[in-house]
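Asks: Before anything else, here's the structure in question.
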Amino acid sequence: MAKGALSMLRRAAKGTSWSQFLDYASPALFDVMPMRALFAQGREFISNGSDAGRFARTCDEIALLLAERGVAVQIGAPVPSDEEQRLTELPESSRRRVGQHVLEIYFGQVFAGDHAVLDLRADAFATGDADVLLWRPRAFYVQWQPDFLDGLRALYAGFYKDDTAQFERGLAQLGLEDSGEVLLSHLGSGDQRKVRFETSAFHSSFHETFLSCRDKGVALHRNFLALGIYLVCLYEVLESLGLEFDVRDAFERIQV
């Protein structure tokens, strides 16, 4: 089923701004997500990517919400300046600062609103004058469904606040109550103050989560396709920076 679903979705996405992002999704996801949900999410991606004006307004709203939580980032496509630098060209101190900001963007889009631009790839970022973080994402975004977003927020809040009841509520709302141990291995151990991101390790742990769901007959929510791609993009940019990052600090900074 996975290959057939992915093939059909690729055909539907052909020529869109987000077709390449399907390569970021775990193959096991297509075995767990119902076909109807899979295509509902795909149709949303197509609709979002086809309206440049709506994407620009969404970016403006997200930038405002992030700014309200202390995350300074310039979203859009400004004219490149002579001072612009790609992330891999930055000194270590700047790469560390950028990595923390990207983590804040990730959590900010989970907790500050109901939309998230999913393109967090390294190629989407640069720094400009005065080390301003420039984010030029593709028109690839999602409006989280309320039930999924509430569960995801509870999951993260329960994990980082060491609140077992809240964490378990998030698991149950996301349909992952039988996959808690596997998911915990993905989220990591320790205090999350020094985390090195490796895309290969993420693929393995997230793949195991989906396999666990498949083996237990769990049908995943459509937003898991967006979340899976969002996370892979996050891991890709942070791995490219080659440093350890304080994930807990990023989570705490965007809480209000």
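The values are calculated or read from the model by the stated rules, or taken from the named source; none is laboratory data. The shown structure was predicted, so the numbers you read here are calculated from the model rather than taken from an experiment. Heads up, the Cβs are rebuilt from the backbone with ideal geometry, glycines too, and the neighbour counts pull from every protein chain shown.
Asks: Kindly indicate whether ASP162 is assigned to a helix (DSSP H, G or I), surrounded by fewer than 22 Cβ atoms within 10 Å (Cβ to Cβ), modelled with pLDDT of 90 or more and assigned by TED's automatic domain parsing to the domain that holds GLU44.
Replies: no
Asks: Also, quick follow-up: Taking the condition of being of a type in the set (A, V, I, L, M) and surrounded by fewer than 23 Cβ atoms within 10 Å (Cβ to Cβ), how many residues in segment 99-111 meet it?
Replies: Residues meeting the conditions: 1.
Asks: Next question. Write out, first by first residue and then by second, each pair whose Cβ atoms fall under 8 Å of each other, whose residues are 6+ apart or on separate chains, and whose first residue, in segment 209-237, is closer than 16 Å to VAL110 by Cβ while the second is assigned to a helix (DSSP H, G or I) and charged (D, E, K, R).
Replies: HIS221/ASP147
Asks: Restricting to segment 240-255, name every residue that is in contact with a strand residue (DSSP E or B) (Cβ under 8 Å, 6 or more places away or on another chain) and either closer than 15 Å to THR199 by Cβ or aliphatic (A, V, I, L, M) (or both).
Replies: Result: LEU243, PHE245, VAL247.
Asks: I would also like to ask the following. For residues in segment 185-206 being in a helix (DSSP H, G or I) and in contact (Cβ under 8 Å) with a residue 12 or more places away in the chain, which is surrounded by the most Cβ atoms within 10 Å (Cβ to Cβ)?
Replies: If we filter segment 185-206 for residues that are in a helix (DSSP H, G or I), which is where we start, we get 185-187, 199-206.
Okay, now just the ones that are also in contact (Cβ under 8 Å) with a residue 12 or more places away in the chain, so 185-187, 199, 202-203, 205-206.
Numbers: SER185: 13, HIS186: 16, LEU187: 14, THR199: 18, PHE202: 20, HIS203: 18, SER205: 17, PHE206: 23.
My answer is PHE206.
Asks: Something else about it: Please indicate, with yes or no, whether at least one residue in segment 207-217 is surrounded by 18 or more Cβ atoms within 10 Å (Cβ to Cβ), in contact with a Phe, Trp or Tyr (Cβ under 6 Å, 6 or more places away or on another chain) and not assigned by TED's automatic domain parsing to the domain that holds LEU87.
Replies: No, the conditions are met nowhere in segment 207-217.
Asks: Which numbered condition in (1) assigned by TED's automatic domain parsing to the domain that holds ARG86; (2) out of contact with any strand residue (DSSP E or B) (no Cβ under 8 Å at 6 or more places or on another chain) is the only one that ALA154 fails?
Replies: Only one criterion is unmet by ALA154, namely (1).
Asks: GLY175 - would you say it is outside any helix (DSSP H, G or I), within 30 Å of LEU243 (Cβ to Cβ) and either free of Cβ contacts under 8 Å to residues at least 40 places away in the same chain or assigned by TED's automatic domain parsing to the domain that holds TYR156 (or both)?
Replies: Numbers: outside any helix (DSSP H, G or I): yes; within 30 Å of LEU243 (Cβ to Cβ): no; either free of Cβ contacts under 8 Å to residues at least 40 places away in the same chain or assigned by TED's automatic domain parsing to the domain that holds TYR156 (or both): yes.
Spelling it out, it is not the case that GLY175 is outside any helix (DSSP H, G or I), within 30 Å of LEU243 (Cβ to Cβ) and either free of Cβ contacts under 8 Å to residues at least 40 places away in the same chain or assigned by TED's automatic domain parsing to the domain that holds TYR156 (or both).
Asks: Using the structure shown, decide if PHE148 is at pLDDT 85 or above and within 30 Å of ALA56 (Cα to Cα). Let's see the steps before the verdict.
Replies: On the way: at pLDDT 85 or above: yes; within 30 Å of ALA56 (Cα to Cα): yes.
Yes, satisfied.
Asks: For ALA250, state whether it is more than 30 Å from ARG86 (Cα to Cα) and either assigned by TED's automatic domain parsing to the domain that holds PHE125 or at pLDDT 95 or above (or both).
Replies: The answer is no for ALA250.
Asks: Further question: State whether the residues of segment 113-127 include one that is over 15 Å from ALA226 (Cα atoms), at pLDDT 90 or above and surrounded by 22 or more Cβ atoms within 10 Å (Cβ to Cβ).
Replies: So the first thing to find is which residues in segment 113-127 are over 15 Å from ALA226 (Cα atoms), and the list is 113, 122-127.
Okay, now just the ones that are also at pLDDT 90 or above, so 113, 122, 124-125.
Then keep just the ones that are surrounded by 22 or more Cβ atoms within 10 Å (Cβ to Cβ); that gives 125.
The answer is yes, given that some residue of segment 113-127 is over 15 Å from ALA226 (Cα atoms), at pLDDT 90 or above and surrounded by 22 or more Cβ atoms within 10 Å (Cβ to Cβ).
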